[in-house]
1. For a quick check of your reading of the model, give me the residue pairs whose first member lies in the stretch 263-281 and is within 9 Å of residue 78 (Cβ to Cβ), whose second is hydrophobic (A, V, I, L, M, F, W, C) and part of a loop (DSSP other than H, G, I, E, B), with beta-carbon atoms closer than 8 Å and at least 6 apart or on different chains.
2. Answer yes or no as to whether residue 100 is in a helix (DSSP H, G or I) and within 27 Å of the chain's Cα centre (by Cα).
3. Taking residue 84 as the residue in question, decide whether it is hydrophobic (A, V, I, L, M, F, W, C), crowded, with 18+ Cβ neighbours inside 10 Å and either free of Cβ contacts under 8 Å to residues at least 40 places away in the same chain or under 28 Å from residue 135 (Cβ atoms) (or both).
4. Counting just the residues of the stretch 243-263 that are basic (Lys, Arg) and under 20 Å from residue 196 (Cβ atoms), which one comes out surrounded by the fewest Cβ atoms within 10 Å (Cβ to Cβ)?
5. Suppose we filter 201, 145, 164, 192 for residues that are in contact with a helix residue (DSSP H, G or I) (Cβ under 6 Å, 6 or more places away or on another chain) and not in a strand (DSSP E or B); which single one remains?
6. Residue 167 passes all but one of (1) more than 24 Å from the chain's Cα centre (by Cα); (2) touching a residue at least 12 places away in the same chain (Cβ under 8 Å); which number fails?
Amino acid sequence: MIFSLFYFVRWIIDIRRESKIHQSERIKKTIKKNEISKRNKFPITKFYNWINHWKIHPNEIFAVEYASYSRIMAYKKCPRSFEIKYLCRLKENSSRAAQIGKLTHEIIQLYTEEYRTNINKKIRKQNAIDDLLKFYERAIASDEITYPILSSEIVLYLDHFVKINRADNLKIEKIEYECNSFVGPYMLKCIIDRIDNGKKIIDYKTGNPKNARNRQLNIYAYALSSGGWEPYNLCFQFLRNGKIREWKYTKKLHDATELWLIEEIKKIEKTRRFEENRSRLCDYCHVAQYCRK
């Protein structure tokens with residue numbers, strides 16, 4: 001009886017000891033799992049040191065090369081995207097929507113160059129769209145167009161271009177004009193879709209009108225003014241819905257534009273850690289394949 005009780009007590013002690021050992025192992029595994037989970041909370045690319053891949057320093061990107069609206073806005077939308085594209089010089093993948101816009105711009109450019117002297121007569125013709133589509137094959141042959149885009153996909157944009165412009169007496173001065181100017185010590189570069197007689201700057205937009213920023217054309221007017229204010233008429237032509245947005249470039253806008261440019265350039269020059277702005281738009285980013293490695 002005594003021996004039975006002894007073995008029973010010993011058996012209970014052994015069970016409790018094994019239970020503690022197993023519990024200790026479970027705790028260790030849980031702690032390890034939590035540590036791994038904490039380490040993997042953010043993708044490793046969030047803290048990836050892209051500085052090792054810089055081809056040019058932030059202090060040089062504007063001082064040695066040039067400033068532009070697109071470069072500054074790339075930084076404001078996502079510093080990481082700016083870093084990968086402009087500092088690391090990695091190739092970006094153009095989206096299909098961007099290439100549709102590029103193709104539309106190219107056709108309009110070829111059309112206006114061909115018929116500049118009698119543009120008003122041509123654009124008022126019943127079959128003006130057919131005249132525009134004659135340049136489709138030449139435009140689609142561009143190396144920058146990599147997606148298969150049917151002519152039927154851009155007819156709406158071309159139709160709106162005709163309807164917006166046929167009512168005016170067009171006097172086109174320049175098409176796809178590359179303007180090089182200065183803001184402070186920095187070269188300022190921009191490519192303007194169209195400049196009409198009477199100091200009118202026109203930019204075609206195939207995307208969402210809500211995404212068009214007046215500051216873009218303010219910067220174009222600033223560049224054309226060569227630093228000194230000149231009164232320009234500015235206009236967005238929205239080829240998606242056939243509407244326009246017009247305003248005048250005033251001295252007040254001129255001074256505000258200069259201040260904004262200098263402030264944004266200085267901010268980028270001082271940046272050393274280019275954080276990503278994570279959002280649903282990351283899926284459409286042109287450099288996402290590098291950022292998400």
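1. 276/78; 277/78
2. For residue 100, the condition - in a helix (DSSP H, G or I) and within 27 Å of the chain's Cα centre (by Cα) - is met.
3. Against the criterion (hydrophobic (A, V, I, L, M, F, W, C), crowded, with 18+ Cβ neighbours inside 10 Å and either free of Cβ contacts under 8 Å to residues at least 40 places away in the same chain or under 28 Å from residue 135 (Cβ atoms) (or both)), residue 84 does not qualify.
4. Taking the stretch 243-263 and keeping what is basic (Lys, Arg), we get 243, 245, 248, 251-252.
Filter once more, keeping what is under 20 Å from residue 196 (Cβ atoms): 243, 245, 248.
Working: 243: 13, 245: 15, 248: 10.
Selected residue: 248.
5. Step by step, each of 201, 145, 164, 192 is checked, and only 145 is in contact with a helix residue (DSSP H, G or I) (Cβ under 6 Å, 6 or more places away or on another chain) and not in a strand (DSSP E or B).
6. Going through the list (1) more than 24 Å from the chain's Cα centre (by Cα); (2) touching a residue at least 12 places away in the same chain (Cβ under 8 Å), residue 167 breaks only (2).
Conditions (1) free of Cβ contacts under 8 Å to residues at least 12 places away in the same chain; (2) surrounded by 13 or more Cβ atoms within 10 Å (Cβ to Cβ), marked per residue:
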residue: 101; (1), (2): no, yes
residue: 109; (1), (2): no, yes
residue: 124; (1), (2): no, no
residue: 148; (1), (2): yes, no
residue: 187; (1), (2): no, yes
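None of the figures in this text is laboratory data; all of them are computed from the coordinates on show. Since the model is a prediction, treat every value here as computed from it, not as a measurement. In this analysis, Cβ positions are derived from the backbone assuming ideal geometry, glycine residues included, and neighbour counts consider all displayed protein chains.
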